[in-house]
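What follows is a set of notes on a single structure, which appears directly below.
The values are calculated or read from the model by the stated rules, or taken from the named source; none is laboratory data. Note that the structure is a prediction, hence the values are computed from the model and not measured. Cβ coordinates were reconstructed from backbone atoms using ideal geometry, including for glycine residues, and neighbour counts include every protein chain displayed. Heads up: the accessible areas ignore ligands, DNA and RNA and are worked out on the full protein's heavy atoms, side chains in. Shrake-Rupley method; radii C 1.70, N 1.55, O 1.52, S 1.80 Å.
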Amino acid sequence: QVQLVESGGGLVQPGGSLRLSCAVSVSLRAIYSMSWYRQAPGAQRELVATVTTDGTTTYADSVKGRFIISRDSAKNTVPLQMNSLKPEDTAAYYCYADQLARHYWGQGTQVIVSS
């Protein structure tokens, strides 16, 4: 069983930055890939960014060049650095772990981008 705990959400003005973190209860070496998803009110959950065990990263077009996902194997955390935030980035952000045969979700952290 893998437990994921997100933190770092909050209220930020447009153009500002936030750094989310996902604390993972097991070694990141035991997980094939880690992702961040988000879900805005009334919308479907969407994939934001993914990082695999070899460090390969992929991003949704809407966040390319603004968000950075990484893996900290020493701390077993997966940060998501979010820069140049826009009101449309407002959503609940969820951490997701893919162990191929099993998948796990965190409880989410809210991000609000507003002036």
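Results, tabulated for the structure shown:
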{"quantity": "Per residue accessible area of the chain, 1.4 Å probe, in Å²", "calculated": "52 Å²"}
{"quantity": "Carbon plus sulfur fraction of accessible area for the range 31-114, probe 1.4 Å, in percent", "calculated": "49 percent"}
{"quantity": "Average Cα contact separation per residue, the range 1-79, under 8 Å, 6 or more apart, as relative contact order %", "calculated": "27 percent"}
{"quantity": "Gained length - Tyr32 relative to Gln1, 0.36 nm times residue gap less alpha-carbon distance", "calculated": "9.7 nm"}
{"quantity": "Solvent exposure, largest accessible area first (probe 1.4 Å, DNA, RNA and ligands not counted), of Thr90, Thr58", "calculated": "Thr58, Thr90"}
{"quantity": "Residue order for Glu46, Glu88, Glu6 - accessible surface, 1.4 angstrom probe, largest first", "calculated": "Glu88, Glu46, Glu6"}
{"quantity": "DSSP-assigned coil residues among trypsin sites (Lys or Arg not before Pro) in the range 55-112, each with at most 13 further Cβ atoms within 10 Å", "calculated": "Lys64, Lys75, Arg102"}
{"quantity": "Average Cα contact separation per residue, the range 73-115, under 8 Å, 6 or more apart, as relative contact order %", "calculated": "39 percent"}
